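Accompanying notes for the structure given below.
The values are calculated or read from the model by the stated rules, or taken from the named source; none is laboratory data. Remember, predicted model here, so these are calculated numbers, not experimental data. With ideal geometry, Cβ positions are generated from the backbone for all residues, glycine too; neighbour counts draw on all protein chains shown.
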Amino acid sequence: MQSPAGIAATNELFQKRYEHECLWVHRFMTWIMIGQWALGLAFAAFLSPLTWIGQRNEVHVHVWAAFLIGMSLSGFAILWMRMFPREASTRHVVAVVQMLWSALLIHLSGGRIETHFHVFASLAILSIYRDWRILISATAVVALDHFVRGVFYPLSVFGIMTESPYRWIEHAAWVLFEVAFLAPGCYRLRKEVWELCVRQTEIELAKRSVDQQVAERTKELSEAYDLLAEKTAETEKLALVARYTDNAVIITDADATIEWVNEGFTRITGYSADEVIGKRPSDFLHGPQTDPKVCSVMRDAIASRSGFNVQTINYRKNAEPYWVDIEVRPIHDADGVVRRFIAIEADATERVQQEQEKVRLNQELLDASRQAGMAEIATGVLHNVGNILNSVNVSVSVIRNQCSKSALANLEKVSALIAEHESTFPEFVTSDQRGKKIPAYVQRVTHALSGERQTIDGELTDLVKNIEHIKEIVAAQQSMASSSEMILELDLRGLIEDALAANKASLMNHDIKISLDLDEADRLILTDKHRFLQIVINLIKNAKDSLVEHKIPDPQIIVRATRQEGSNTISVIDNGIGIPVENLQQIFQHGYTTKTEGHGFGLHSSANTAGEMGGQLTAFSEGPGCGARFDLNLPIVQKEQTSTKNTELAV
């Protein structure tokens, strides 16, 4: 039984063959139609006059009928076969036209019985189509023609004048008699063609299946061959690698007995293959400096049938020790049982010596770095203390000037005058013009001394603060190595005012206007006081130096504090010459400075300190002549974190 695919293929093949045969029959029937038209003209020209007019021979009207009707019938059939060569209806059209030709010829012959044999010949010709259904169409046309003409025009079909309404049945019966033999033949021939198509389809499907199997098998064999060639090439490459590599390759059995070594093994150890095959590597490669712990690791791995990677000291044949990296992997058979080990050993002597030299150089570099770090710390101390000492010097100068111009000198003159008139002091005060001035003068001196005392007290307070700041700087720099810090809750305005006080004298001397801009009047922040002041003092001093050095008219410095999400930002803004854009990235580098007498340490140290506080110091400027802004961004520290950190530092 055929599969659906086989049935579809058979039907397609049958249709192609049948259509091909129908096209051939169409061409044959085309010539039949042309021949019948010529035969009809001959009948009309030579036979009809003798039949219908007796012995008088003349052109009859049937000639024109044969010419026109015959041409119409043949032309219609030929045109239909040309336009619809593959349609089933074309075969029925040909059958109907062929039977009409039989009717026309019978009419032209005057109903001669001999001409009726054209019907039977036509049926035989139509059976070439192998379609019994067109025989039914042809039979129906013949029966209908004989019935109509037998009743209304019997002379045309039977050659008699008498009406014969039942004679057509006899003729139709004889036609059916022939069809009864032709139709089974058509069916049988059609079935034979179908069976031939079935067998051909089965053969083609079988051939296609065989071809597919052959192609698949060929592909499998080709892939297997390619894989074999690839594996062979890989094996050859591995053999070349194992033979010519600088590393030593050793293959042992499951008990670590050597079965094969490459030439690299001989180059590294000095032992030939014949000298070591059948021995264990530990029998001749280990020595006094071989680490026993490494040997134990290797023995345990071999016993457990597992791989390992170790580094140890082996000995060459000449007793020279060398460092070696050993990588061992087990080789399993098809059942997963370890049958062999493969070991790859690389001479690591040069690399180990380089690493040891690197360690030595790193230690030397570390020592040098420590010394450099101490020098940097000392530089930081000097730089920051220098900023504070400027303020200390200003305070001392103010106190010295105040003392040198003090009202005490005039008070000494009053004291001498009082001593001179000690016995007559009451009369002197009331009577003498100079004595009368003494009380008022003493009062003025008292007020002057009170002002001097307040000024000196203020300067002494600033002096004490600056000295304390110096002590904090020294203490902080001493503890810098441990990165310790003390976070306290401090008044932001007070911190900024302390930073301004450290630069007060210099700012006043150069008439620099100071503006303090706080978004909150009583802001409290959690920070390291010393480090905060160290950064802000340095930023204010740098802004002042820039304004003074370039003689900026109407110099101004703004210190602004703002709170953003998660951070506090302290900005120091000046209206100086600004910073070129290309210098903004390198301005915090150690040693970089734009000052004529600068050392490039202040901003570098401040940026590092900001980083140690968990913040960031950044610089902004729109270019030359646009001023500069330095932002100190510090994270907002919670009190719980401060308490925890301070507790850890105390511990």
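Laid out as a table, the results:
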quantity	calculated
Subset of segment 599-637 [over 21 Å from R563 (Cβ atoms), in a loop (DSSP other than H, G, I, E, B) and in contact (Cβ under 8 Å) with a residue 40 or more places away in the chain]	H599, F601, S621, E622, G623, P624, G625, C626, G627
Of all residues in segment 305-325 being polar (S, T, N, Q) and buried (at least 17 other Cβ atoms within 10 Å of the Cβ), the one that is farthest from the chain's Cα centre (by Cα)	N314
Lone qualifier among T266, T232 - being in a helix (DSSP H, G or I) and modelled with pLDDT under 85	T232
Which listed residue is exposed (fewer than 15 other Cβ atoms within 10 Å of the Cβ) and touching a strand residue (DSSP E or B) at 6+ places or on another chain (Cβ under 9 Å), from G578, G566	G566
Yes/no for S127 being touching a residue at least 12 places away in the same chain (Cβ under 8 Å), touching a Cys at 6+ places or on another chain (Cβ under 9 Å) and in a helix (DSSP H, G or I)	yes
E597 being over 24 Å from F532 (Cβ atoms), of a type in the set (D, E, K, R) and at pLDDT below 85	yes
Leading residue by the ranking (farthest from S571 (Cα to Cα)) among those in segment 605-623 that are touching a Gly at 6+ places or on another chain (Cβ under 6 Å) and among the polar types (S, T, N, Q)	S605
Only listed residue being buried (at least 16 other Cβ atoms within 10 Å of the Cβ) and part of a strand (DSSP E or B), chosen from V352, V328, V294	V328
